[in-house]
Amino acid sequence: MPYEDERAGLAALRSIVERGVVDDFRSQMRDRHTGVPLPLPNFKPCPAGTPRSHILAIDGSNVYDAIPGALPCTEAGIVSLGLVVIDVKKLTSLRTLPDSGAVNPRHLRATEEGDSLGFMLPGQNAEKDDGTSPRTWFRQILNDELHSTHFGGETLAVTLHNLIGPNRVIPHCPNPDCNENNVTTPGPGQCYTCKSCGESILLSDGLRIHTQFEDNASPVQCHHRVRDALELLTLVNALRYLNTTKQGRAAIANTAFVLDGPLAAFGTIAVLTAAVHKELRKIQDSVRQDYPGANLLVMSGVKSGEFVRHAEDLDRAPAPDERLPRDHFWLPDNEYIRDHIVARHANSPTAWGELTYFGRPVILKTSNGQRLILNLAQPEADPPLTAAPQPEALRDAIATASPLGVGTNQFLALRRAHQQAAIPLRAGTDLIKSLAP
């Protein structure tokens, strides 16, 4: 950070250039720039499919800010989740304006039912009034929310327990001052204690999000991980509830379940990836017992990142948004991804996404010229999904998503879910600041 009224000079840059640091780095970096547009991958015509009659869209949001108070850097955050069930038949029957394609917002709201939930989490220096540390208070709130939240059936705590298993072991006691290793997490409604220090061991500790909550550092990444985990647990929670009845399984067969962002779990919550994939396969097999040939359709819309950038590059020449053929799709395989999108590292021989993704990328250009980057779950295949045959739900996924593209990389279902979840930045930060005495 510069000092007040200080302007950076060129001394450091001059030293770097004169010592050949840049040239040396350039000579060691693998050159992937050819200077010419990449050959267009094998885009295929979109197959005919049946759009789902309903969409259940899930999106999360969070805001993090400082609380004015006695201690500097006293912080807290808000995490929220929005769910929207959209009647696609009603939606597609709405009359649109001839120029913009917009619909009457009141009529649009009549095609959907939405709900949202939210809670607050402490950041650094936000100690509980009974002396509980911010880190422990964070763990307690997350655990309590998982035990109290459900979407018709079991709580998110029960869903988490079923995903990570009854004997989930975390490497270290949640107490950073304790040396106890290989601690088993309890089941729903239970609480274990560490045999060395007496620290409470909670079910939510199985996600290990608390390990990123460190002293003298903002735990905003912990709040992001809570949001991401909440989205995945909500998806599985809703599916498990519907799967308990024949009527619910019929709903699964006729509904597209849509998340925002990649179908993946990163960092400490990556333990959910394989578990979610396994659960989706069980649910699809269960639905097919009543409805042979039915496909569980779980997909997501991706608004940013390397696949979005690559699709933009492919679609740029000879003119922006004109190179990719309309009404065509493409499934990048592992070889292409490693060569042109996400580099393979010498010490990481695994296929792209094998450990973190339970969905595979689909790049789609609709008949209206909207470019969509989707992730599509493929419960019938084993990882790595980028080496699997064409997903069985692909036809219906394209038929459902194509009419709902509302701009480059924008998917209407997620815009509606985001409206339920989004916390206006100014209002959210004002709410956090209102915690000050």
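The figures follow:
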{"quantity": "Positive minus negative residues near Ser218 (Lys, Arg vs Asp, Glu; Cβ under 14 Å)", "calculated": "-2"}
{"quantity": "Asp87-Gln247 FRET efficiency (beta carbon distance; Förster radius 25 Å; 0.05 resolution)", "calculated": "0.90"}
{"quantity": "Cα lying deepest toward the dipole's positive end in the chain, options His224, Phe138, Ser402, charges on Cβ", "calculated": "Ser402"}
{"quantity": "Residues with amide H under 5 Å from that of Ala126, placed H, sequence gap 5 or more", "calculated": "Glu75"}
{"quantity": "Gain on full stretching of the segment that runs from Ser133 to Arg30 - 0.36 nm per residue minus C-alpha separation", "calculated": "32.4 nm"}
{"quantity": "The chain, relative contact order in percent, only Cα pairs under 8 angstrom and at least six apart counted", "calculated": "21 percent"}
{"quantity": "Helix-only mean residue ellipticity at 222 nm for the chain, each DSSP H run of n ≥ 4 adding -39500 (n - 2.57), per residue, nearest 500", "calculated": "-10000 deg cm²/dmol"}
{"quantity": "Segment 212-285: translational diffusion in µm²/s, Stokes-Einstein, Kirkwood Rh over Cα pairs, 37 °C, 0.692 mPa s", "calculated": "237 µm²/s"}
{"quantity": "For His172, residues with placed amide H under 5 Å, excluding near neighbours", "calculated": "Asn182, Val183"}
{"quantity": "Under the span-like rule (Cα at least 15 Å along the axis, Kyte-Doolittle mean at least 0.5), DSSP H helices of the chain", "calculated": "none"}
{"quantity": "Rg/Rg_globular for the chain, with Rg_globular taken as 2.2 N^0.38 Å and Rg from C-alpha atoms", "calculated": "1.08"}
{"quantity": "Rounded to the nearest 20 debye, dipole of segment 231-379 from Cβ charges on Lys, Arg, Asp, Glu", "calculated": "440 debye"}
{"quantity": "Contour minus Cα-Cα distance for Asn167 and Leu40 (0.36 nm per residue)", "calculated": "40.9 nm"}
{"quantity": "Dipole magnitude of the chain about its Cα centre (Cβ charges: Lys, Arg +1; Asp, Glu -1), debye to nearest 20", "calculated": "1340 debye"}
{"quantity": "Compactness of segment 101-174 as Cα Rg over 2.2 N^0.38 Å, two decimals", "calculated": "1.67"}
{"quantity": "Among 49-58, 109-118, the order from most to least packed when residues are scored by Cβ within 10 Å on average", "calculated": "49-58, 109-118"}
{"quantity": "Considering only the chain, percent of DSSP beta bridges that pair antiparallel, nearest 5", "calculated": "80 percent"}
{"quantity": "Whole-Å semi-axes of the ellipsoid equivalent to segment 97-226 (Cα gyration tensor, √5λ, descending)", "calculated": "37, 19, 13"}
{"quantity": "Summed residue charge, Cβ within 14 Å of Leu117's Cβ, Lys/Arg positive, Asp/Glu negative", "calculated": "-4"}
{"quantity": "Radius 15 Å from Cβ of Glu322, net charge of other residues (Lys, Arg +1; Asp, Glu -1)", "calculated": "0"}
{"quantity": "Listed peptides 170-177, 366-373 by packing density, highest first (mean Cβ within 10 Å)", "calculated": "366-373, 170-177"}
{"quantity": "Size of electric dipole in segment 46-195: Cβ of Lys, Arg +1 and of Asp, Glu -1, about Cα centre, debye, nearest 20", "calculated": "580 debye"}
{"quantity": "Volume per residue that the Cα convex hull of segment 193-338 spans, once the total is divided by residue count, Å³", "calculated": "183 Å³"}
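Only the coordinates and a few stated rules stand behind these numbers; no lab work does. Every value quoted in this text rests on a predicted model; they were computed, and no experiment measured them. Cβ sites come from the backbone with ideal geometry, for glycine too, and all protein chains shown count toward neighbours.
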